[in-house]
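Chemist: Structure below; questions to follow.
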Amino acid sequence: MPVKISQAERMMNLLALLVDRTRPLTLRQIRQDLGKQYPDSDEAARAAFERDKAALREMGIPIETKTLGGDAAGEVTYWVNRSNYELSDLRLSDDERLALQLAVATVRLGAQHGEEALWKLGGERKLRPTATSVNIGLVDENTSAITDAVMKRRTLNFNYKGEKREVDPYGMLSRSGFWYIIGFDHLRKDQRVFRVDRIDGNVGVSEARAFTTPVAFNVAAAVPTEKQMLAAGDGEQTTAVVLVDAALAAGVRNEFGDSAVIRDRTDGSVEFSIPCANMSAFRLWLFAMVESAEVLAPESVREQVVQWLEELVAGK
Amino acid sequence: MATKKPVKKSAKKSAKKLVKKPVKKLVKKPGRRGPRSAAQRVTGLLVMLPWIMQRKRVKISAMAKQFNLTEAELIEDLQMAAVCGVPPYTPDALIDVYMDNGMVIAEVPLVFSRPLKLSTAELFAISVMAQTALQLPGANKKGPLSTALAKIAPLMPSGAETIKVELPRTRFVKELLEAANSGERHEIEYFSPASQKRSTRIITVRKVFEDAGRWYVAADDHQSREDRVFRIDRIEHLTAVGIFDAIKEVQDEDLPWFSQKMPQVTLRVEPSARWIVESYPYISRVNNRINNRDVVDITMSITSEHWLGRLLLRAGGGVKVLKPVEYRNLGKQSAQTILDRYKKSGTSI
């Protein structure tokens, strides 16, 4: 009769055995050594062993195998090489562990992986609140597939804006509350930017295909800023003169820089030269300031703004 | 098709997200856990055993808290580990972990004394978090965090180099971070776009935080005698006052804006304004087909009437207010206010 034992306990004993033994073991030897922890029937024991092995591999423990020849032809041996799964000692100082602890407590990423990394590095999760926090939450059902593919340079497959994309992810960027993937889009045959939260459904990762990232690739420069978005269009007018009231002028100056300032008025309001080649992006930017901003010139852009407003008032 | 998980909880939760986040998929708050799988328990033990062996003795209650387990779960796992080991399973061949007098004790390492390698997800998390923390204003770029990151670097897959986080650069963040740690009161001049008014206040900074590309400060406002959250980019002047208050720890859940009572609205969103559904959290969502168009009716919390007016303007005709009735004409009114400005100023320069 097999001894009554939980799967967790059996897995611990299996791993301890494989780690402890210096020679590879066959399933027959494993069953013998574990002393009836596996079921009596060969078939049931094999099934249970396969389940344990798969679960351990899933945890990042590489169980190696080799099929024997000669007298034992066909029999498989199993072993674990500790150096393949154990973390080497990084010799972190107490100060370094504390610095990592504070970083993990301060930055919110959405999952518990930061805390798990801390524990493995011998640190502790900070249980008291910090005076600073930063939220760059990457909370998405595809997070682990995407980050894994980016780190290991594997091609991603996903649906985006109604099309199937195959993308070699060159990098990832977190900016203004969104995560972006930048990569080579095989459909468009060009480098493209994708917002992670706009990916439809599940992401697939190719196992085999690896790619190289262009040498000059710069992840921050690859994602257009709001300023660049406003300029990226085919509108007839490329810039507009926008008067921004004193209350919001500092923010606009901060965003577009001093070079965008045309004139400071005495009441504190400021005239800016703002790109408007992409009129829909320009509209979103302009109306975010509600009545605190006004297009002064050119006439055609001003007329367009007035027309938008009239349509809204008319309920169109 | 990926569907966003709507915030089902209270208005409190959605209010928090509303200001906070052009939301991605919101994560479900973990509810009551079911029984833990064998894999979960073993994974946990493979993390906890090296951790406790390094420390030798830790209080059961502290260790349970550290690992997000109940004390009963932790005891159950450690009791199981204590009977595991290698053949012949004699006492000296078992994992040497036991509990005594409220303490977990692990003195003689046998197997499982070294932690598992960091997974890709863990490497991603720790490097991104450290990289982000190093960008905080005033961070010591040559301090222990940098050297820790350098020691982890050799473990990183090559693709990690091109993962970057950008924090917004906002004036006064550094000073306010220092104020949060010193307790020194500050005078601020603050502009509120909702009231279109500037006000001067004396605040004691409690927490400085970044969310969705903006910096905020949570503080005691000595004028109103209330806890308030201010957007740092709307602070126009900041002066230290020279009076110091005792430091008070603030949990995120206790931040005042999270508990503000927010009005709720129901909006009908046309396909042209679908970005709204992607960008803001909603409490509920109903997909409808009206006149051959796929529209979405969403119910969301708003921070102010001004905020909703701004949203309606930006959405153009793509959004209609269904409820409450008093906001039905808000988009028109907001457009009319701006139109009046254009009419008053006459022609362009």
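Chemist: Give me the compactness ratio for the range B:38-105, meaning the Cα radius of gyration over 2.2 N^0.38 Å.
Modeler: Computed over Cα atoms of the range B:38-105, the ratio equals 1.05.
Chemist: Using Cβ contacts closer than 10 Å as the measure, can you line up A:172, B:63 from fewest to most?
Modeler: If I rank by nearby Cβ atoms, fewest first, I get B:63, A:172.
Chemist: Averaged over peptide A:256-268, how many Cβ atoms belonging to another chain are found within 10 Å of each residue's Cβ?
Modeler: That works out to 0 on average.
Chemist: Under a Cβ-only charge scheme (Lys and Arg +1, Asp and Glu -1), can you give me the dipole magnitude of the protein assembly as shown about the Cα centre, in debye to the nearest 20? Write down the numbers at each step before the final one.
Modeler: Working: 99 positive and 82 negative charges, 244 e Å.
So the magnitude is around 1180 debye.
Chemist: In addition: Per-residue counts of other Cβ atoms within 10 Å, averaged by peptide: what ranking do you get for A:92-101, B:115-124, highest first?
Modeler: Packing proxy ranking, top to bottom: B:115-124, A:92-101.
Chemist: Pick out, from B:301, B:66, B:331, the residue whose Cα sits farthest towards the positive end of the charge dipole of chain B, with +1 on the Cβ of Lys and Arg and -1 on the Cβ of Asp and Glu.
Modeler: The Cα lying farthest towards the positive end belongs to B:331.
Chemist: On to the next question. What does the average come to when, for each residue of peptide A:149-156, you count the partner chain Cβ atoms lying within 10 Å of its Cβ? Each step should come with its number before you reach the end.
Modeler: Numbers: counts 2, 7, 13, 5, 4, 1, 0, 0.
Mean partner-chain Cβ count within 10 Å for A:149-156: 4.
Chemist: Also, quick follow-up: With everything on Cα atoms, drop me the angle between helix B:330-345 and the longest principal axis of chain B, reported from 0 to 90° to the nearest 10.
Modeler: The two axes meet at around 50 degrees.
Chemist: Give me the net charge of residue A:78's neighbourhood, meaning all other residues with Cβ under 10 Å from the Cβ of residue A:78; Lys, Arg count +1, Asp, Glu -1.
Modeler: +2
Chemist: Just the Kirkwood number for chain B, please: inverse of mean 1/r across all distinct Cα pairs, in Å, one decimal.
Modeler: That comes to 25.1 Å for chain B.
Chemist: I've got another one for you. Of the residues B:76, B:210, B:161, which exhibits the maximal mean-square fluctuation in a Gaussian network model of chain B defined by a 10 Å Cα contact cut-off?
Modeler: Looking only at B:76, B:210, B:161, the biggest GNM fluctuation is shown by B:76.
Chemist: Using a Gaussian network model on chain A with a 10 Å cutoff between Cα atoms, which of A:258, A:40, A:140 fluctuates the most?
Modeler: Most flexible of the set in this elastic network: A:40.
Chemist: Further question on the same structure: Normalised by the number of residues in chain A, what is the relative contact order in percent for Cα pairs under 8 Å and 6+ residues apart?
Modeler: Normalised by residue count, the contact order of chain A is 9 percent.
Chemist: Now, a different point. Quick check for me: using +1 on Lys/Arg Cβ and -1 on Asp/Glu Cβ, what's the dipole size of chain A about its Cα centre, in debye to the nearest 20?
Modeler: Using only the charged Cβ atoms, the result is roughly 1160 debye.
Chemist: For the protein assembly as shown, just run the numbers: alpha carbon Rg, then divide by 2.2 N^0.38 Å, N being how many residues it has.
Modeler: 1.12
Chemist: So, one more: Let me know the mean shielding of B:82-92 by other chains, meaning the per-residue number of their Cβ atoms within 10 Å of its Cβ. Don't jump to the answer; show the numbers that get you there.
Modeler: Details: counts 0, 4, 10, 5, 9, 9, 2, 4, 0, 0, 0.
Across B:82-92, the average partner-chain Cβ count within 10 Å equals 4.
Chemist: Quick one: in the range A:7-85, what % of C-alpha pairs are over 17 Å apart?
Modeler: Above the 17 Å cut-off, the range A:7-85 has 42 percent of its Cα pairs.
Chemist: Placing +1 at every Lys and Arg Cβ and -1 at every Asp and Glu Cβ, with all other atoms neutral, what dipole size does chain B have around its Cα centre, in debye to the nearest 20? Before the final figure, lay out each step's value.
Modeler: On the way: 59 positive and 36 negative charges, 361 e Å.
Result for chain B is approximately 1740 debye, rounded to the nearest 20.
Chemist: Could you work out the per residue convex hull volume over the alpha carbons of the range A:143-222, in cubic angstrom?
Modeler: Here the figure is 89 Å³ per residue.
Chemist: A follow-up question, please. Checking the a/c ratio against 1.5 first, then a/b against b/c, what shape does the Cα gyration tensor give for chain A?
Modeler: It comes out prolate by the Cα gyration axes.
Chemist: Within 10 Å of each residue's Cβ, count the other Cβ atoms and sort A:80, A:219 from fewest upward.
Modeler: Fewest to most other Cβ atoms nearby, the residues stand as A:219, A:80.
Chemist: If a/c stays under 1.5 just call it rounded; otherwise compare a/b with b/c (prolate if a/b is bigger, oblate if not). Do that for the range B:201-349, with a ≥ b ≥ c from the square roots of the Cα gyration tensor eigenvalues.
Modeler: It comes out oblate by the Cα gyration axes.
Chemist: Under a GNM of chain B (C-alpha, springs under 10 Å), which listed residue has the highest mean-square fluctuation: B:94, B:145, B:167?
Modeler: B:94
Since every read-out is calculated from the coordinates, none of them should be taken as a lab result. This is a predicted model, so every value here is computed, not measured. Glycine gets a Cβ as well: all are built from the backbone with ideal geometry, and neighbour counts include every protein chain shown.
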